[in-house]
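In what follows, a single structure is set out as structure tokens and then discussed.
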Amino acid sequence: MSATRYTYLGPEGTFTEAALRTLPEAATRELVPMVSVPAALDAVRNGEAAAALVPIENSVEGGVTATLDELASGRPLMIYREVVLPIAFALLVRPGTKLSEVKTVTGHPVAQPQVRKWLRANLPDAVWESAASNADGARLVQEGRFDAAFAGEFAAATYGLEALVTEIHDAENAETRFVLVGRPARPAAPTGADKTSVVLWLGDDHPGALLELLQEFAVRGVNLMLIQSRPTGAGIGNYCFAVDAEGHIADRRVGEALMGLKRICPKVRFLGSYPRAGVSVGDVRPLRTGTSDEDFMAASDWLARAQDGRA
């Protein structure tokens, strides 16, 4: 395996590359763009790269389904950290192009919901066609296949384009979350401000089935930050659930919740416990009474004494 190579959703000039370059270790790694999220992750699975950075969630559009589905299937991978990047688009065009001349536009499918209102107000007749990534859209504009692309302003220089309009976003403070994914290994030690990601499969479809999964977290005081259903491919009505929960697998409340889920789910895939981006220990909400590690250990000690007749 190449320990110095990181892959990412390319080509050069994507928001994913910008997010990757915020990591300190990126300065000492070979950063290799890939044509798709599956290609970036398969390079890790095949030992061609040590890790891959891919988008997983957007504050406007929600989960990035290509990433969620890849992590739920195939050879297991694990998330080691996350990066949250503010997102604002620029309308990139070939030099000299006027806004009135823009008839066709392109960008990543996740970008479209973030600029839909702007498009309707400023280019109501423009035809949208999706690209593999925002930077790939810029490349297609460079080649003359589209009049304009929505991408990061930083991509303009890479593709010989100019930013006709900047700071485009329908929602203020839009963000995208990216995850650094590698092969499975022991998670890093808890920081006190962590997140745990899993994928859960329902055993059978019955009233309250999803509630049973949620209760495993709720009764132990584990807060959920994301839950998204994804079809398993086994037919209509068959779903798995991608879940992000506050805490670390080493925390007793989280570990016991996962054990409870393993008892009732036919399949549980652990995707990792890792530090939350931009969150310090002081930002984490206080635990509910009875859900700290000390509370769990005290209850375990009490049970042992009761079993020995010493309670």
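Pull up the range 122-163, narrow it to residues that are hydroxyl-bearing (S, T, Y) and open to solvent by less than 50 Å² (accessible area, probe 1.4 Å), then point me to the one that is modelled with the lowest pLDDT.
Step by step, filter the range 122-163, then rank; the result is S133.
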When N173 is evaluated against the numbered criteria (1) outside any strand (DSSP E or B); (2) touching a helix residue (DSSP H, G or I) at 6+ places or on another chain (Cβ under 7 Å), which criterion, by number, is the only one it fails? (2)
Residues being farther than 17 Å from K195 by Cα and touching a residue at least 24 places away in the same chain (Cβ under 8 Å) - total across the range 68-95: 17
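Of everything in the range 77-92, what is of a type outside the set (V, I, T), in a strand (DSSP E or B) and more than 25 Å from T106 (Cβ to Cβ)? Give them in sequence order. Break it down stepwise before answering.
Step one: of the range 77-92, the residues of a type outside the set (V, I, T) are 77-78, 80-82, 85-86, 88-92.
Restricting the remaining residues to those that are in a strand (DSSP E or B) gives 78, 80-82, 85-86, 89-92.
Those that are of a type outside the set (V, I, T), in a strand (DSSP E or B) and more than 25 Å from T106 (Cβ to Cβ): M78, Y80, R81, E82.
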Of all residues in the range 272-302 being open to solvent by less than 90 Å² (accessible area, probe 1.4 Å) and over 17 Å from V254 (Cβ atoms), the one that is nearest to the chain's Cα centre (by Cα): A277
Determine whether the range 181-193 contains at least one residue that is at pLDDT below 95 and within 22 Å of C240 (Cα to Cα). no
When (1) in contact with a helix residue (DSSP H, G or I) (Cβ under 6 Å, 6 or more places away or on another chain); (2) open to solvent by 30 Å² or more (accessible area, probe 1.4 Å) are applied to F217, the one that fails is (2)
Residue pairs meeting the criteria (Cβ under 8 Å; at least 6 apart or on separate chains; first in contact (Cβ under 8 Å) with a residue 24 or more places away in the chain and of a type in the set (A, V, I, L, M, F, W, C), in the range 206-227; second exposed (fewer than 15 other Cβ atoms within 10 Å of the Cβ) and not in a loop (DSSP other than H, G, I, E, B)): F217/L224
Residues of the range 164-195 being closer than 23 Å to A72 by Cα, more than 12 Å from the chain's Cα centre (by Cα) and either surrounded by fewer than 18 Cβ atoms within 10 Å (Cβ to Cβ) or among the β-branched types (V, I, T) (or both), in sequence order, are R183, P184, A185, R186, A188
Positions within the range 101-153 being closer than 20 Å to A19 by Cα, among the polar types (S, T, N, Q) and not in a helix (DSSP H, G or I), in sequence order: S133
Among what's in the range 62-76 and is part of a loop (DSSP other than H, G, I, E, B) and more than 20 Å from E17 (Cα to Cα), pick the residue that is most open to solvent (accessible area, probe 1.4 Å). R75
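Matching residues to (1) at pLDDT below 95; (2) closer than 24 Å to F178 by Cα; (3) hydroxyl-bearing (S, T, Y):
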| residue | (1), (2), (3) |
| --- | --- |
| L202 | yes, no, no |
| A209 | yes, no, no |
| Q228 | yes, yes, no |
| C240 | yes, yes, no |
| E246 | no, yes, no |
| R252 | no, no, no |
| R285 | yes, yes, no |
| M297 | yes, no, no |
| D301 | yes, no, no |
Just give me the residues in the range 10-22 being open to solvent by 10 Å² or more (accessible area, probe 1.4 Å), under 17 Å from T176 (Cβ atoms) and either more than 15 Å from the chain's Cα centre (by Cα) or not charged (D, E, K, R) (or both), in sequence order. F15, A18, R21, T22
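The values are calculated or read from the model by the stated rules, or taken from the named source; none is laboratory data. Computed from a prediction, not measured in an experiment: that's the story for all the values here. Note that each Cβ is placed from the backbone with ideal geometry, even for glycine, and that neighbours are counted across all protein chains shown. For accessibility, only protein heavy atoms count, side chains too; no ligands or nucleic acids. Shrake-Rupley method; radii C 1.70, N 1.55, O 1.52, S 1.80 Å.
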